[in-house]
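Chemist: The structure is given below, and queries will be raised subsequently.
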Amino acid sequence: FAVERQPWEKAVSMYFWLNQINSKDIDQYKNFDDWIRRAPNLNSDDYQHYNNLADKVYRYENLQPLFEDLKNLFDIDIKQNFENTWCKYYLRPDWKQFYKNEENVFIIQERFKDSIEYMDYKFEEFYG
């Protein structure tokens, strides 16, 4: 199996991770808006691997089906409630603040088009 995160949050996470590790690649961009417009490697081809490597892909935003499958298949009982869990909230601002303009939303939709289609993601589902 695999777990996929929605691309709008994923892009913000990638940006802050590159800043955190002091990647030389990130230095050429003024800010997040500039980075998503110009970064040549900002896309996702993960969906191509799913068909070859994973029999099922779960959404990071809703892990309960994964926990239920683990219980049914392997008798692993995960009691923790991960609903509304926001990891690394102390390291970066809320991802939603980076999408206050429609252009940023559209850029990520284009760059992650295949993953969005494969996972049936809709921006409004997360930003409402």
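The values are calculated or read from the model by the stated rules, or taken from the named source; none is laboratory data. Computed from a prediction, not measured in an experiment: that's the story for all the values here. Because the Cβ atoms are built from the backbone with ideal geometry, glycine has one as well, and the counts that use them run over all protein chains shown. Just so you know, the surface numbers come from the protein's heavy atoms only, side chains and all, with ligands and any DNA or RNA stripped out. Shrake-Rupley method; radii C 1.70, N 1.55, O 1.52, S 1.80 Å.
Let's see how each residue does on (1) modelled with pLDDT of 90 or more; (2) open to solvent by 80 Å² or more (accessible area, probe 1.4 Å); (3) closer than 20 Å to Lys122 by Cα:
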| residue | (1), (2), (3) |
| --- | --- |
| Trp35 | yes, no, no |
| Asp45 | no, no, yes |
| Asn72 | yes, yes, no |
| Tyr89 | no, yes, no |
| Trp95 | yes, no, yes |
| Glu102 | yes, yes, yes |
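Chemist: For the list (1) open to solvent by 50 Å² or more (accessible area, probe 1.4 Å); (2) within 18 Å of Val105 (Cα to Cα), I need the number of the one condition that Phe1 fails.
Modeler: (2)
Chemist: State the number of residues belonging to segment 15-42 that are in a helix (DSSP H, G or I) and more than 19 Å from Pro93 (Cβ to Cβ).
Modeler: 4
Chemist: Which one of the conditions (1) of a type outside the set (Val, Ile, Thr); (2) at pLDDT below 75; (3) in a loop (DSSP other than H, G, I, E, B) does Asn51 fail to meet, given that it meets all the rest?
Modeler: (3)
Chemist: Could you list, in sequence order, all residues of segment 93-128 that are among the aromatic types (Phe, Trp, Tyr), farther than 17 Å from Asn41 by Cα and assigned to a loop (DSSP other than H, G, I, E, B)?
Modeler: Correct list: Tyr121, Tyr127.
Chemist: Take the residues in segment 10-23 that are open to solvent by less than 20 Å² (accessible area, probe 1.4 Å) and within 18 Å of Glu110 (Cβ to Cβ); name whichever of them is farthest from the chain's Cα centre (by Cα).
Modeler: Here the residue is Val12.
Chemist: Looking at this structure, is Tyr58 modelled with pLDDT of 80 or more, among the hydroxyl-bearing types (Ser, Thr, Tyr), closer than 22 Å to Glu125 by Cα and open to solvent by less than 70 Å² (accessible area, probe 1.4 Å)?
Modeler: Values: modelled with pLDDT of 80 or more: yes; among the hydroxyl-bearing types (Ser, Thr, Tyr): yes; closer than 22 Å to Glu125 by Cα: yes; open to solvent by less than 70 Å² (accessible area, probe 1.4 Å): yes.
The answer is yes for Tyr58.
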